[in-house]
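Below is one structure; the comments refer to it alone.
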Amino acid sequence: MDKLKTISWLLLIISLVSIAYALIFNPANWIVYAISLVAIPVSILSFGLIAMAKGRKEDEEDKRREPFIGY
């Protein structure tokens, strides 16, 4: 889970930096379109993965008490 969280944070930072680049430096239109098509969905996805990776305290206690046995 730590690896997923690290990769998600890295993708979020990269996508936010690329969005800021497109807003501040005003590159060519095709670069802005490419950034918007790639960076915005990646930032939303990585933010969702970060939120899911945290977990609640109750869930962590349940995981420690009872191992996963499958469905």
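A simple spin-label model places pseudo-atoms 7 Å from Cα toward Cβ; at residue 7 and residue 31 they are separated by 2.9 nm. Relative protection proxy for 6-15, 24-33, from highest mean packing down: 6-15, 24-33 (other beta-carbon atoms within 10 angstrom).
On the basis of the beta-carbon distance and an R0 of 22 Å, residue 57 and residue 16 show a calculated FRET efficiency of 0.15. Please state the shape class of region 1-58: rounded when a/c is under 1.5, otherwise prolate if a/b exceeds b/c and oblate if not, all from the C-alpha gyration tensor. Prolate.
Here, each number is a calculation from the coordinates, and none is a lab measurement. In this text the structure is predicted, and so the values were computed from the model without any measurement. Every residue, glycine as well, gets a Cβ built from its backbone with ideal geometry; the counts of neighbours run over all protein chains shown.
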